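See structure below.
The values are calculated or read from the model by the stated rules, or taken from the named source; none is laboratory data. Fair warning: this is a prediction, and the values are worked out from it, not measured in the lab. Heads up, the Cβs are rebuilt from the backbone with ideal geometry, glycines too, and the neighbour counts pull from every protein chain shown. The area values use the complete protein model at the heavy-atom level, side chains included, leaving out ligands, DNA and RNA. Shrake-Rupley method; radii C 1.70, N 1.55, O 1.52, S 1.80 Å.
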Amino acid sequence: MSNIMDIIAEKTNGKSYKTYKYCFDNYSVPSFNYDDHAEITWSKYGETAPPMNLEAQNMKPLADKIISEKPLFTYFLDGSRHTYKVDDIAYNNQVYPVIAGQIGISCCSRINRNMQKHAFKNKLVVALPQCACSDTWKREVFFDNIKTTINNSATRLKKINIQITDVLSYSTKKDEFEKIENKGIAAIQDLMIDQEIEMVTELVK
């Protein structure tokens, strides 16, 4: 990733620190409690009726009955994303994380009870702080140009024959309740959701 970070630092006038890298999915990230429905409790809204007995129950007869009926759904779509903190970069003496992400959107179809692949999309993305671009009017073009430069110049990417599909930006607005890393992850999450919506739209057509 060092070659890519050198390009990003040069194009954005930032300072790359080559810091410790880790996957957010395997790293315990502090978070705060989003639950604003404290009055909703298991005893009030959960399943309170106990089972007929406390022993394991054979669900096969019910499963066989469901399988014997014609399936209600033909398509199943899901998205997945993994995010990684790959470096720290500084702008105006303030340090921000650089977040990389892998996004996958897939859809399978069921025809005559057989499941098969219908469509698949994947993306490799990098999320940078918005302050990496000083011109707010041309921010989207600016980050798109960085993506093009990376794909044309990063020798490591060329060697393994892959490309960065998107360079995103995330808000650097200070928030006492949310870590800045989460803003980068959210930008990648939003892209995944947009891709899911796009695939659903294609299915509807």
Per residue, in Å², the accessible surface of the range 119-195 once ligands and nucleic acids are set aside, probe 1.4 Å: 60 Å²
Separation in nanometres of the label points that stand 7 Å from Cα toward Cβ, at residue 135 and residue 161: 3.7 nm
Rough spin-label spacing in nm, given labels placed 7 Å along Cα→Cβ, for residue 200 and residue 112: 3.1 nm
Pairs of Cα atoms farther than 17 Å apart, the range 146-205, %: 60 percent
For the range 61-183, projected area of the alpha-carbon convex hull averaged over all directions, nm²: 12.6 nm²
Heavy-atom accessible surface of the range 110-159: percent carbon and sulfur, 1.4 Å: 48 percent
FRET efficiency for residue 121 and residue 93, using Cβ-Cβ distance with R0 set to 41 Å, rounded to 0.05: 0.55
